């Protein structure tokens, strides 16, 4: 799961709900929202909840790329708490799709 959250949310409670059902967390932060929660703190909470597959990335693009790489050609699961992360990821996703179209056209 690619996850970024706002600091004004009930972070520990939200992570406690997600931890039992998510295998791997790719934590990042919003670049365009000053209320972005520190992913290092989220990683600490998740590790206290017994999660070992927790990675931290400086931005949504890096988190998306890592999630895609770990899943191969399968699509990375993403649950943005708000639309900010999806908006920040859009340019990254458009580039990926454009690259895939070029690769497919060369086959």
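What follows is calculated from the coordinates using simple rules that are stated; it is not laboratory data. Note that the structure is predicted; figures quoted are calculated from it, not measured. Because the Cβ atoms are built from the backbone with ideal geometry, glycine has one as well, and the counts that use them run over all protein chains shown.
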* Asked: How would you rank 27, 104, 49, going from fewest to most other Cβ atoms within 10 Å of each one's own Cβ?
  -> 104, 49, 27
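What length, rounded to one decimal in nm, is gained on full extension from residue 35 through to residue 70, with 0.36 nm per residue of separation minus their alpha-carbon distance? Numbers along the way, then the final one.
Numbers: separation 35, 0.36 × 35 = 12.60 nm, distance 2.87 nm.
Full extension from residue 35 to residue 70 adds 9.7 nm.
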